[in-house]
Amino acid sequence: MIKVGIIGATGYAGAELVRIIQGHPEAEVVWYGSRSYVDEKYSSVYGNFFKIVDAKCMDDNMEELADAADVIFTATPQGLCASLVNEEILNKVKVIDLSADFRLKDVSVYEKWYKIEHKAPQFIDEAVYGLCEINRDKIKGTRIVANPGCYTTCSILTAYPLVKEGLIDPDTLIVDALSGVSGAGRGAKVANLYCEVNESSKPYGVTNHRHTPEIEEQLGYAAGKEIVINFTPHLVPMNRGILATEYATLNKKDGKLPTAADVMAAYEKYYKDETFIRLLGDGVYPETRWVEGSNFVDIGFKIDERTGRIVMMGALDNMVKGAAGQAVQNMNILFGLKESMGLESAPCFP
C-alpha cells in the first residue's frame with residue numbers, strides 16, 4: 001500500500017483527497033495534517049467521514065511525515081509547501097503540491113502575481129507541471145509535482161490541441177470561466193457568505209487573476225512562443241464546478257477556415273485515448289452537472305463562420321479533476337499504477 005500524508009487535510013481539496021483515497025485499492029492515508037485541528041478527530045471536522053475515518057488530525061511537520069509516508073500531498077495556501085520542502089525530504093518522499101508554488105518556471109512571475117517571496121526556487125526547474133494528459137512522461141520520474149489549478153486545467157485542456165496544431169491564433173484567445181464557491185476554499189470570508197453569493201453571479205480578478213500566467217505559460221509551450229490572453233473568472237452560486245468558454249480566431253489555410261471535422265480531428269489526435277477527457281463534438285455543449293464528483297473533463301466546440309472564430313467549451317469538477325482527483329492521477333503515474341485507479345466513479349446526478 002502507498003502510504004499517503006496530507007498537509008491541509010481539513011480544507012476542501014484536502015477532504016476531497018481523503019474521500020478519493022478511501023476508495024483507492026493501493027493507497028491509504030497515514031497522516032491527516034491540519035494546523036487548525038491538531039488532536040481533533042477528523043470525522044468531527046467532516047461528519048461525512050464518521051465511522052469511516054477514525055484518526056485524529058496531526059500537525060504539518062513535513063520532516064517527520066517524510067519518514068512515515070511514501071507521498072505527501074500539500075493542499076495548502078501559496079507559500080507553505082515552498083517553505084517546508086527541502087532536499088532531505090525530497091530524497092525520502094514524493095511531493096504533490098496543490099498550491100501554485102512550483103507551477104510557474106519564472107520566479108519573478110510567481111512573486112509578481114502572488115505577492116510573496118518564493119522560499120524554494122532551487123526546486124522549480126525539477127518540478128513537473130502535473131497536467132497528466134500532456135506531461136505524464138515527465139511526471140513519471142520527478143520528485144515533485146506541481147498540481148495545476150482548477151481554472152487552468154479546464155482552460156488549458158480545452159484549447160491545447162487547437163493551439164498545438166495551429167488551428168487558432170493563441171494571441172486572440174479569450175477565456176471566460178465560471179466557478180463554484182468551493183473554489184475559494186473553506187476560510188471564512190464575507191464575500192462567500194450565503195447571502196452574498198446566492199442569487200448572484202459576478203466577475204472577479206478581472207485582468208489580474210493569478211491563474212492567468214499559468215494558462216499563458218502552458219499554452220505558450222504548445223504554441224512554441226510566448227502568448228498573452230484575456231482571462232476573466234466569475235463566481236456563480238453552486239458548490240462545485242468549472243465551466244470555461246473560450247473564444248479565438250481561426251487560422252485560415254489556403255484561404256479557408258478549418259472545418260468542424262478538422263477541429264474534431266485535432267481533439268481526437270491528442271485526447272481520443274484519454275480516459276478522463278470526453279469529447280462532445282461540434283455543437284454539443286458541456287454542463288457542470290454532468291461532471292460533478294468525477295475526474296472527467298467534457299469538451300465541446302462551435303465554429304462561428306460569420307466571425308471566423310471558434311467557441312471552445314470545457315467543464316470539470318474543480319475539487320476533483322481541478323484539484324484532488326488530478327493529484328491522485330499524478331500519484332498513480334508516479335507509482336506506476338493504472339492511471340485511473342481510484343478515480344473511476346461516474347459523475348453523480350442530481
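Some observations on this one:
- Helices in the chain, meaning DSSP H runs of at least 4 residues, each add -39500 (n - 2.57). Divided by all residues, the mean residue ellipticity at 222 nm is -8000 deg cm²/dmol.
- All Cα pairs of segment 76-191, percent lying beyond 24 Å: 36 percent
- For Glu28 and Asp171, the FRET efficiency from 1/(1 + (r/R0)^6), where r spans their Cβ atoms and R0 equals 56 Å, is about 0.75.
- With Cα atoms, 0 to 90° folded angle of helix 325-334 axis to the chain main axis: 80 degrees
- The eigenvalues of the Cα gyration tensor, multiplied by 5 and square-rooted, give segment 151-318 an equivalent ellipsoid with semi-axes of 28, 17, 14 Å from largest to smallest.
- Between 0 and 90°, nearest 10: helix 12-22 axis offset from the chain longest Cα axis: 80 degrees
- Descending by average beta-carbon neighbour count within 10 Å, the peptides 311-323, 43-55, 170-182, 120-132 line up as 311-323, 170-182, 120-132, 43-55, the highest first.
- Normalised per residue, the volume of the convex hull around the Cα set of the chain (Å³): 136 Å³
- Gained length - Lys92 relative to Phe349, 0.36 nm times residue gap less alpha-carbon distance: 88.4 nm
- Treating each Cα of segment 3-95 as an identical point scatterer and summing with the Debye formula, the log10 of I(q)/I(0) at q = 0.10, 0.19, 0.23, 0.25 Å⁻¹ comes to -0.23, -0.82, -1.18, -1.36.
- Shown is the FRET efficiency for Thr249 and Lys112, computed with R0 = 30 Å from the Cβ-Cβ distance and rounded to the nearest 0.05: 0.60.
- With viscosity 1.306 mPa s and temperature 10 °C, the Kirkwood radius over alpha carbon pairs of segment 281-330 converts through Stokes-Einstein to a diffusion coefficient of 135 µm²/s.
Just so you know, all these numbers are worked out from the coordinates, no wet-lab data involved. Here the structure is a predicted model, which is why all the values come from computation and not from measurement. Cβ atoms come from the backbone with ideal geometry, glycine included; neighbour counts cover every protein chain shown.
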